[in-house]
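**Student:** Mind looking over this structure? Questions follow.
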Amino acid sequence: MNKIEQTLRGKIFLALLAVFIISTINAGVGIKWDEGSALLPEEEKTCLTYSVYNPFLADTYVKISLSEELQGIMTLQDTEAVLIPGGTSSENAIPIEFCFKVPKVYERDFAISGKFIDKLDCSNQERVEYAGDVIVSSAAAPSSYGGFGGSASQMSVSAPLNVRVLCEPYSWNYTPVFVIVALVSGVIVFWVLFTRDRKPKSERVREKMRKLRAELQRSKRK
């Protein structure tokens, strides 16, 4: 191999390396957040907002997801991919809201076979906490855009999120019993009114015959 071929191969290698580096840094996103922790109640819809910026050249679509540590206790609603235009600075970061629910995590006391009447005492329970990450990763364009547009590069950034679940104590909850009693009472009242207004046909005929005989007897006496 002569020096000319070595020089030519060296230039080709450098050119390919430059293309790879340019394509790698051509797209990417960053994430901003105000607070890395949240105090959340059980079984209530909660929404948080994280801001995403893209200082690189190419536009990119992103979606928000949760790390495995948080997926087990947070039901994340599905969100559509959001376009982050190239050249979006940190100061002009685009806010993305995502909503979720934390299920019941504190142990209840039940009065009837583990169901219906319950109460929650927080005095003997430690606060439940979970630590994980909010992940912003590249995604395909929404179907309404025909699946085109944005960067094809796969990338992701994350921000820490510490979730503390609020324990809100309450005394015995008799609401289910009241609901059941109200339903049963309503059924009974409806049945009584229904049967009273819809007597059998034979009974109605006998009643008419009794009235007719009574009128005949009164007329004879006269």
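**Student:** Which members of the range 60-82 meet the condition of being over 16 Å from V128 (Cβ atoms), at pLDDT below 85 and part of a loop (DSSP other than H, G, I, E, B)?
**Tutor:** Hits for the range 60-82 are Q77, D78, T79, E80.
**Student:** Could you please find all residues in the range 35-52 being in a loop (DSSP other than H, G, I, E, B) and in contact (Cβ under 8 Å) with a residue 40 or more places away in the chain?
**Tutor:** G36, E42, E43, E44
**Student:** Please enumerate the residues belonging to the range 45-98 that are in contact with a Ser or Thr (Cβ under 6 Å, 6 or more places away or on another chain) and hydroxyl-bearing (S, T, Y).
**Tutor:** Across the range 45-98, the qualifying residues are Y53, T60.
**Student:** Could you go through the range 100-113 and let me know if any residue there is modelled with pLDDT under 85, within 15 Å of the chain's Cα centre (by Cα) and within 16 Å of Y50 (Cβ to Cβ).
**Tutor:** Checked the range 100-113: at least one residue is modelled with pLDDT under 85, within 15 Å of the chain's Cα centre (by Cα) and within 16 Å of Y50 (Cβ to Cβ).
Matching residues to (1) surrounded by 13 or more Cβ atoms within 10 Å (Cβ to Cβ); (2) touching a residue at least 60 places away in the same chain (Cβ under 8 Å):
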site: N54; (1), (2): yes, no
site: S67; (1), (2): yes, yes
site: T79; (1), (2): yes, no
site: P95; (1), (2): no, no
site: F98; (1), (2): yes, no
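The values are calculated or read from the model by the stated rules, or taken from the named source; none is laboratory data. Only a predicted model underlies this, so the values are computations on that prediction, with no experimental measurement involved. A quick note on method: Cβ atoms are made from the backbone with ideal geometry, for glycine too, and the neighbour counts reach across all protein chains shown.
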